Amino acid sequence: MSNSNPNLLLISKYIFQELLPNMAFTAKWLILALVIGTLVGSASALFLTSLNWVTNYREANTWIILFLPFGGFFIGWVYHRYGTSVVKGNNQLLEEFYNPLKIIPLRMAPLVLFGTLLTHLFGGSAGREGTAIQMGGAIADQFTKWFKLTNGDRKMIITIGVAAGFSSVFGTPLAGAVFALEWLIIGRVRYESILPAFLAAIIANFACEGIWLVHHTQYSVPIVPAFDIINVLWVIPAGICFGLAARLFSKSTHFWSNFFSRKIKYPPFRPLVGGVIIAASVFIIGDTKYIGLGIPTIVDSFSQDLPWYDFLVKIAKTSLTLGSGFKGGEVTPLFYTGATLGNALSGIIPLPVALLAGMGFVGVFSGATNTPLACTLMGIELFGALPGVYIGLACVLAYLFSGHSGIYHSQVLGSPKNEGLLNKKGKKLGDL
């Protein structure tokens, strides 16, 4: 008996101090992830279905692009009148995570949804991840109020909202979960939220695809050469180019945002002026390939020869669209930028065009969001495991050579020396 008592005590201690708390934690977040993931995945399904409709309508009725300035004014006026509390978008989610002050207003979800749809209907160049992330964050954060959650739980709630939105809008649950953990602090991954993030990402993706039957674009990298020293050396200049393109994209977007803020004091006039410039450029060029999401061009970049300057035009139009105050995301335009840049590089780098397009697809995204792990997983989910090593190397190189000038100006740096937080100017922000 004397030998068994210590063992029984250890077992009891393990059960009550570790097993039961872990089971309670898992059950709690499984329920929250199930509810939030289903809601956010359903919202993404509605958004993607609506976005597909407005895109098809615009392409069949290009005359509607003439009304882009008026659409921009309306979006600007609605946000100026009703959306000043949510106008920061993705950066507001970051700021609330770092320094929780008040619940993200639920109005963020419908405002960004309809603002993005109007942007695409009238011919702006924007993406969709920002919309899904903001809807996810706004929907999830309501549970903080309803269940009176602590600040620690609230950080997890925002994380799973972001994971659910990203996962469901792109059909990449692994990348969605890791993105939500990785984008919060540059150089760190917050593992304490890993279980809720993965649960929410998987459930949201299932809700979008499995319940509402909204499917995502399929891409293919059919030829992957042997991973040898010569091919590795060729990946290096490609990765550097992807990082520089990401830096150009981020700097351009911030430039136009600051420019319009300085020059035009009345916010609704900013997208009006931006809309005039973008609409005029569409009719001058005589092509709509550079507005909207640009999915057909992204698909073509994996198999066809495209003009080398496509990525530059997309950067210019997207940065002007978002910088002037239109709504939408940056990630799909980043996919466009990277895929078309990879296509252009195939003329000088002896790697298959589809592989280069795939590397650029996620590489530029990695550099612009400072999330190399999430982007590597996204590449594997979209293109398969075979090109995974090429994709991972391209994402890391792009991340390194883009600097920290990402599209999210509220991102902070993790300080490896003192484990504190630094903003992008090196000022300490405190600990999380």
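Some observations on this one:
- Within the range 1-17, being among the aliphatic types (A, V, I, L, M), at pLDDT below 70 and open to solvent by less than 80 Å² (accessible area, probe 1.4 Å) holds for no residue.
- Scope the range 324-340; condition within 17 Å of the chain's Cα centre (by Cα) and either open to solvent by 10 Å² or more (accessible area, probe 1.4 Å) or at pLDDT 95 or above (or both); matching residues: PHE326, LYS327, GLY328, GLU330, THR332, PRO333, LEU334, PHE335, TYR336, THR337, GLY338, ALA339
- Any pair with Cβ under 6 angstrom, 6 or more apart, that starts in the range 121-146 at a residue that is within 26 Å of TRP53 (Cβ to Cβ) and basic (Lys, Arg) and ends at one that is open to solvent by less than 10 Å² (accessible area, probe 1.4 Å) and part of a loop (DSSP other than H, G, I, E, B): ARG128/GLY329
- Subset of the range 58-109 that is within 22 Å of the chain's Cα centre (by Cα) and among the charged types (D, E, K, R) - its residue that is surrounded by the most Cβ atoms within 10 Å (Cβ to Cβ): GLU96
- So LEU20, is it touching a helix residue (DSSP H, G or I) at 6+ places or on another chain (Cβ under 9 Å) and either assigned to a helix (DSSP H, G or I) or at pLDDT below 95 (or both): no
- Given (1) buried (at least 18 other Cβ atoms within 10 Å of the Cβ); (2) at pLDDT 95 or above; (3) outside any loop (DSSP other than H, G, I, E, B), number of the condition ALA126 does not satisfy: (3)
- Residue pairs meeting the criteria (Cβ under 8 Å; at least 6 apart or on separate chains; first farther than 21 Å from THR116 by Cβ, in the range 256-276; second of a type in the set (A, V, I, L, M, F, W, C) and surrounded by fewer than 20 Cβ atoms within 10 Å (Cβ to Cβ)): ILE264/VAL273
- Boolean, LYS251 is surrounded by 24 or more Cβ atoms within 10 Å (Cβ to Cβ) and charged (D, E, K, R): no
- When the range 388-404 is filtered for residues that are surrounded by fewer than 23 Cβ atoms within 10 Å (Cβ to Cβ) and touching a Pro at 6+ places or on another chain (Cβ under 9 Å), the ones remaining, listed by number, are GLY392, VAL396, LEU400.
- When restricted to residues that are out of contact with any Pro (no Cβ under 8 Å at 6 or more places or on another chain), in contact (Cβ under 8 Å) with a residue 12 or more places away in the chain and either hydrophobic (A, V, I, L, M, F, W, C) or open to solvent by 10 Å² or more (accessible area, probe 1.4 Å) (or both), the range 346-366 contains 9.
- Residues in the range 195-232 that are of a type in the set (Val, Ile, Thr) and open to solvent by 100 Å² or more (accessible area, probe 1.4 Å) were compared, and the one that is nearest to ALA45 (Cα to Cα) is ILE223.
- Tally, over the range 320-364, of residues that are under 19 Å from MET378 (Cβ atoms), not in a helix (DSSP H, G or I) and not small (Gly, Ala, Ser): 1
- Tabulated pairs, the range 34-55, first more than 25 Å from THR159 (Cα to Cα) and open to solvent by 10 Å² or more (accessible area, probe 1.4 Å), second acidic (Asp, Glu) and outside any helix (DSSP H, G or I), C-beta under 9 angstrom, 6+ apart or interchain: none
- Tally, over the range 287-319, of residues that are assigned to a helix (DSSP H, G or I) and either free of Cβ contacts under 8 Å to residues at least 24 places away in the same chain or buried (at least 16 other Cβ atoms within 10 Å of the Cβ) (or both): 15
- Checking VAL235 against (1) farther than 21 Å from THR332 by Cβ; (2) open to solvent by less than 10 Å² (accessible area, probe 1.4 Å); (3) at pLDDT below 95; (4) out of contact with any Lys or Arg (no Cβ under 9 Å at 6 or more places or on another chain), the condition it does not meet: (3)
- Boolean, ALA374 is farther than 15 Å from LEU397 by Cα, out of contact with any strand residue (DSSP E or B) (no Cβ under 9 Å at 6 or more places or on another chain), surrounded by 24 or more Cβ atoms within 10 Å (Cβ to Cβ) and touching a residue at least 40 places away in the same chain (Cβ under 8 Å): no
For (1) surrounded by fewer than 24 Cβ atoms within 10 Å (Cβ to Cβ); (2) modelled with pLDDT of 95 or more, each residue gets a yes or a no:
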residue: GLY130; (1), (2): no, no
residue: TRP146; (1), (2): yes, no
residue: ASP153; (1), (2): yes, no
residue: ALA163; (1), (2): no, yes
residue: PHE170; (1), (2): no, yes
residue: PRO173; (1), (2): no, yes
residue: ALA177; (1), (2): no, yes
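- Residue within the range 267-286 that is closer than 21 Å to LEU345 by Cβ, under 25 Å from the mean Cα position of the chain (by Cα) and either of a type in the set (Lys, Arg) or not in a helix (DSSP H, G or I) (or both) present: no
The values are calculated or read from the model by the stated rules, or taken from the named source; none is laboratory data. Just so you know, these numbers come straight off a predicted model, no measurement behind them. Note: ideal-geometry Cβ built from the backbone for every residue, glycine included; neighbour counts use all protein chains shown. Ligands, DNA and RNA are excluded from the accessible area calculation, which covers all protein heavy atoms including side chains. Shrake-Rupley method; radii C 1.70, N 1.55, O 1.52, S 1.80 Å.
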